[in-house]
Amino acid sequence: ELPPYHIDRDALERSVYMSHRWEARSLQTHLADVREQAMYAVIHGGVDADLRRMSAEYLSSLPFDGFAIGGSLGKDTAELAGLLGFLMPLLPKDRPNHLLGIGDEPSIRAAVPLGVDTFDSTFPTRAGRHGTLL
């Protein structure tokens, strides 16, 4: 689930728990037949530090191959960097970290020094499709 930036905290908490239940079930199914594939957990919690910490701690306790940071990541690059500065030290150092939906250059420049390894976004393709050279 991808709740909006301005969501009631109780609704956001319910969403995080629902995502955790789904991720745990998915991981169990994956582990029964891995087939040389990796499975990443998706850390949720919006811009709420307590929910992000809880999500990171719970999902880090499970045998995921890596971690993706998803959901609402802030209203601008500064808020994104603040969130990542708080969150990245909570994640295991021995597994890759992926930032979901971020592909603009300022955000990538802010995220890499904080420990983000990979990114995915429609931004570069959309910009190129409309004639923008990056």
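The values are calculated or read from the model by the stated rules, or taken from the named source; none is laboratory data. None of these values were measured; they are calculated from a predicted model. In this analysis, Cβ positions are derived from the backbone assuming ideal geometry, glycine residues included, and neighbour counts consider all displayed protein chains. What goes into the accessible areas is simple: the full protein's heavy atoms, side chains included, and nothing from ligands, DNA or RNA. Shrake-Rupley method; radii C 1.70, N 1.55, O 1.52, S 1.80 Å.
Quick notes on this structure:
- For region 64-86, the set of residues classified as more than 28 Å from V34 (Cα to Cα) and touching a strand residue (DSSP E or B) at 6+ places or on another chain (Cβ under 9 Å) consists of L73, L80, L83, L84, listed by residue number.
- Conditions (1) without any contact (Cβ under 8 Å) to a residue 24 or more places away in the chain; (2) touching an Asp or Glu at 6+ places or on another chain (Cβ under 9 Å); (3) of a type in the set (G, A, S); number of the one not met by G71: (1)
- Candidate set from region 105-122 (those that are in contact (Cβ under 8 Å) with a residue 12 or more places away in the chain and over 25 Å from M39 (Cα atoms)); member that is most open to solvent (accessible area, probe 1.4 Å): E105
- Subset of region 94-103 that is under 19 Å from L51 (Cβ atoms) and open to solvent by 20 Å² or more (accessible area, probe 1.4 Å) - its residue that is modelled with the lowest pLDDT: G101
- In region 21-78, the residues that are polar (S, T, N, Q) and over 19 Å from R95 (Cβ atoms): T29, S72, T77
Let's see how each residue does on (1) out of contact with any helix residue (DSSP H, G or I) (no Cβ under 8 Å at 6 or more places or on another chain); (2) assigned to a loop (DSSP other than H, G, I, E, B); (3) open to solvent by less than 10 Å² (accessible area, probe 1.4 Å); (4) among the hydroxyl-bearing types (S, T, Y):
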| residue | (1), (2), (3), (4) |
| --- | --- |
| L73 | no, yes, no, no |
| L80 | no, no, yes, no |
| G85 | no, no, no, no |
| P92 | no, yes, no, no |
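- Scan of region 94-134 for residues that are outside any helix (DSSP H, G or I) and among the aromatic types (F, W, Y), ordered by number: F119
- Criterion applied to T29, T125 was being at pLDDT below 95, farther than 20 Å from L2 by Cα and either open to solvent by 60 Å² or more (accessible area, probe 1.4 Å) or of a type in the set (G, A, S) (or both), and the one residue passing it is T125.
- R52, sole failed condition from (1) buried (at least 17 other Cβ atoms within 10 Å of the Cβ); (2) of a type outside the set (F, W, Y); (3) closer than 21 Å to S121 by Cα: (3)
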